[in-house]
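Here's the structure we're looking at; comments come further down.
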Amino acid sequence: MTNKFNTKNYDYLIVGAGPFGMIFAYEAAKRGKKSLVIEKRPYIAGNMHTHTEHGITVHDFGAHIFHTDNKEVWDYIRRFASFNGYQNQVVANYKGTLYNLPFNMNTFYQMWGTKTPDEAKAKIESQKQVALKDLGDKQPSNLEEQAISLIGTDIYEKLIKGYTEKQWGRPATELPAFIIKRLPVRFIYDNNYFNHRYQGIPVGGYTQIFEQMLSEADGLVDVLTDTDFFDHKEELLAEFPRVLYTGMIDQFFDYKFGELEYRSLRFEHELIDSENYQGNAVINYTDAQTPYTRVMEWKHFDGLADEGKTIITREYPQEWNRSKEAYYPVNNDKNTQIYKQYAKEARQNHPEIIFGGRLGKYRYFDMDQVFNDALNTVREEFNVPESFNFAHDVTK
Ligand code: FAD
Ligand code: UDP
């Protein structure tokens, strides 16, 4: 093969044009450093990729709502796009009956007819006493125990167990407790899916954020799409002194300590001749039988489209194997132990490579955490003082 990678003097090779890789490339460019970003997909933005058709902005890899308490990250992302004030309010469909999510006074009323916080708490406590009588003072050790201890057995059985087991392909008793703690439990009538102070979606979608970064990088960032790192691994590692890698960490090391487990997804998009198909942006199907977990109707995320058409996406969970996209790490004890071996190997034998992002660090990161981690990596790499605020840095 002719050497297509050494034609210019790059400071960094960046594997993956997702948010972690793109933020690093952009900030490196601001510091005069030149990067080559390689991306195996045909486009940039990673799982944040969006496109617009029939005036409707579609998120290609599932609904992405930006939510954070991190003011620097919130100010930073809004330099590249303007955000609407979208608040996610998910409806759950359990065998034809509808409930509000996350778990709040509306859900408790729909489930039990309870009207006050004390009534709802008493109901949860009585179910918990029966189902978790053997737990005593011990902390919940898995998702099932954690869920029942937070909201009782009725909600667990109808809104959590079926959804969780199809999403993760494992019994809830074999999943880590922290996953269910992502969802708020509130004793007020409030259907906001997140607790964070800053929430929204960029008007026109997420891809523009990374396009804007490229255009501000003044030619210091080149992107090669449709290029898989593993087709050129040895050549690239020999060529580039410093590498940022945001792919799967176990694949980087040729699975030498064993495969980490991931969960995959399949998205089925449909254009429908209707003004309004389901009346909400997201409806979750929480029974075990429906093969998809949720249905998104994109026009409801921004209310901008007014044509007589709508686009919906059904999200089907699926088992991961090496031919499928890895969307979620499965952060249970077994995988955590394996990951630690890879992280140690990376630290000890590859100080020239930075491992970052959801797959490089094998962490269930949300976008704001990826933004924060990427900016902190820039801080370390370029000795940027802790007090420096990236959101206020408007120099080119
Ligand atoms: P990614 O976005 O996955 O980007 C990594 C890139 O690297 C990809 O483009 C990939 O193709 C490329 N790559 C991998 N291996 C190679 C290789 N060998 N060679 C070349 N390129 C490679 N977060 C929120 O904050 N709010 C949400 O509402 C939300 N919803 C989500 C819904 C779903 C269904 C999913 C899956 C995730 C959601 N997230 C959400 C999380 C969000 O997608 C991630 O936090 C974020 O995309 C991670 O960024 P990243 O750069 O680490 O990885
Ligand atoms: N969950 C559930 N029922 C729902 C929605 C979520 O049981 O209707 C559980 C499920 O285990 C899921 C977890 O809560 O994996 C976190 O949900 P979230 O919506 O944050 O998942 P993500 O958007 O990351 O897929």
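The values are calculated or read from the model by the stated rules, or taken from the named source; none is laboratory data. Given the structure is predicted, the values throughout are model-derived calculations rather than measurements. Here Cβ is always computed from backbone atoms with ideal geometry, including for glycine, and neighbour counts include all displayed protein chains. Heavy atoms of the whole protein, side chains included, go into the accessibility calculation; ligands, DNA and RNA do not. Shrake-Rupley method; radii C 1.70, N 1.55, O 1.52, S 1.80 Å.
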| request: Treating the angle as unsigned and between 0 and 90°, give the value, to the nearest 10°, between the Cα long axis of helix 333-349 and the longest Cα principal axis of the chain. | output: 20
| query | Cα axis of helix 143-155 to longest principal axis of the chain: angle in degrees, 0 to 90, nearest 10? | reply | 40
| the chain: calculated mean residue ellipticity at 222 nm from DSSP helix runs of at least 4, using -39500 (n - 2.57) | -9000 deg cm²/dmol
| query | Per the Kirkwood treatment, what hydrodynamic radius in Å, one decimal, follows for the chain from the mean inverse distance over all distinct Cα pairs? | reply | 22.8
| query | In nanometres, what is the gap between the two model label sites at E259 and E125, each 7 Å from Cα along Cα-to-Cβ? | reply | 4.8
| remark: Mean Cβ-within-10 Å packing, highest first, puts peptides 249-256, 350-357 in the order 350-357, 249-256
| Residue separation times 0.36 nm, minus the C-alpha to C-alpha distance between E53 and E72: what's the value? | 3.6 nm
| field | Relative packing of peptides 222-231, 60-69 - highest average C-beta neighbours within 10 Å first | value | 60-69, 222-231
| message | Which one, A281, T293, G308, projects farthest toward the positive side of the charge dipole computed for region 272-367 from Cβ point charges (K/R +1, D/E -1)? | response | T293
| Spin-label model distance (nm) - D190 vs W112, 7 Å beyond Cα toward Cβ | 2.0
| Distance in nm between pseudo-label sites at N84 and K138 (7 Å out along the Cβ direction from Cα) | 4.8
| remark: With the 1.4 Å probe rolled over protein heavy atoms, the chain has an accessible area per residue in Å² of 45
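Where both partners of a DSSP beta bridge lie in the chain, what percent of those bridges are antiparallel, to the nearest 5?
On the way: 31 of 49 bridges.
Among the beta bridges of the chain, antiparallel pairing accounts for roughly 65 percent.
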| remark: The size of the Cβ-based charge dipole (Lys, Arg +1; Asp, Glu -1) of the chain about the Cα centre, to the nearest 20 debye, is 700
| field | Positive-end residue, the chain charge dipole about Cα centroid, Cβ charges, pick of N376, S264, G247 | value | N376
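How much of the accessible area of the chain, in percent, comes from carbon and sulfur atoms when a 1.4 Å probe is used?
Details: 8060 of 17700 Å².
Carbon and sulfur: 46 percent of the exposed surface of the chain.
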| request: Go through M22, G55, G85 and say which Cα lies farthest out towards the positive end of the charge dipole of region 1-101; charges sit on Cβ, +1 for Lys and Arg, -1 for Asp and Glu. | output: M22
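Take each of the peptides 316-323, 149-156, average the number of other beta-carbon atoms within 10 Å over its residues, and list them starting from the highest. Don't skip to the end; give the middle numbers.
On the way: 316-323: 13.4, 149-156: 21.5.
Going by the mean number of other Cβ atoms within 10 Å, highest first, we get 149-156, 316-323.
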| Can you flag which of K8/K256; K71/K181; K95/K181; K115/K161; K115/K181; K71/K121 are past 31 Å Cα-Cα? | K8/K256; K71/K121
